[in-house]
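Right, one structure below, let's go through it.
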Amino acid sequence: KRDVSTLYTGDIHTETQKLVYGAKPRDCTNLFIEGTYGGRLHPDRKQVEADFVEKVKEVVARGGTALIPSFAVGRTQEIMIILKGLGFDMWGDGMGRSVTRLYSEYPEYLLNAKDLKAAKRKFNEVRTANMRREARRADVIVTTGGMLDGGPALNYIRSLKDDPANAILLVGYQAEDTNGRMLMDTGLLKLDDEPVKINCELQKFDFSAHADHKQLVDFVK
């Protein structure tokens, strides 16, 4: 009787990012693999990171605040590591704070636990209403929710939306029927169930944690 092995990948990226190593293929008889980006390619990751950092610098230089709505698991920490060397007044809010602390307890799963620890030191944690008010005047705010359907991000947008010097920088996929997708498509965002015009800058960056078409095919081969 021959040995049969089955590999189920779950969601994978094969490219090493700031937070974790890329997934490596293993010999197997059967392979179940995700295909979220089948038929689509990501832009060059290093270029995306460089463009993102330049945009954050540009927003701060013109006197604005860069609001970065971010998924709590993985994306928040990735963005913090990318921005840690900028020296700006930076704040973190939402569930991403507790996830960052949790990650720090399991350094063996991270690409570089020291990088995450250094990034954590560069960000002030919002823990009270007073701190949240202070954070509104910061250079950079990284906060949940990533698709703008909830979380502290909406509170910040209320105070930042009417100043064109400010910017909302989306770093995650905006699914259909989400507040974030509506913002991208129409320039409107639901606040208190009412669509409101957002007058600050809006830009989207592809920081996907999924492998793209070529990476998936290479993994299979």
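Here are the numbers for the structure shown:
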| quantity | calculated |
| --- | --- |
| Residue under evaluation Pro69, criteria (1) more than 16 Å from the chain's Cα centre (by Cα); (2) within 24 Å of Ala175 (Cβ to Cβ), criterion not met | (1) |
| Among the residues listed as Leu86, Leu116, Leu67, the single one being within 25 Å of Leu160 (Cα to Cα) and open to solvent by less than 10 Å² (accessible area, probe 1.4 Å) | Leu67 |
| Failed item in (1) aliphatic (A, V, I, L, M); (2) open to solvent by less than 60 Å² (accessible area, probe 1.4 Å); (3) closer than 30 Å to Leu154 by Cα, with Val73 passing the rest | (2) |
| Qualifying residue in segment 46-62 (condition: under 30 Å from Asn155 (Cα atoms) and over 20 Å from the mean Cα position of the chain (by Cα)) | yes |
| Filter result for the condition that a residue is loosely packed, with under 14 Cβ neighbours inside 10 Å, over 26 Å from Gly87 (Cβ atoms) and among the polar types (S, T, N, Q), over Thr14, Thr29 | Thr29 |
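Here is a yes/no grid of residues against (1) surrounded by 15 or more Cβ atoms within 10 Å (Cβ to Cβ); (2) modelled with pLDDT under 95:
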residue	(1), (2)
Gly180	yes, no
Leu183	yes, no
Gly187	no, no
Asp193	no, yes
Cys200	yes, no
Ser208	yes, no
Asp212	yes, no
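The values are calculated or read from the model by the stated rules, or taken from the named source; none is laboratory data. Just so it is clear, the structure is predicted and the values come from calculations on it, not from any experiment. Backbone-built Cβ (ideal geometry, glycine too); neighbour counts: all protein chains shown. For the accessible areas, the whole protein counts, side chains as well, though only heavy atoms, and no ligand, DNA or RNA atoms are used. Shrake-Rupley method; radii C 1.70, N 1.55, O 1.52, S 1.80 Å.
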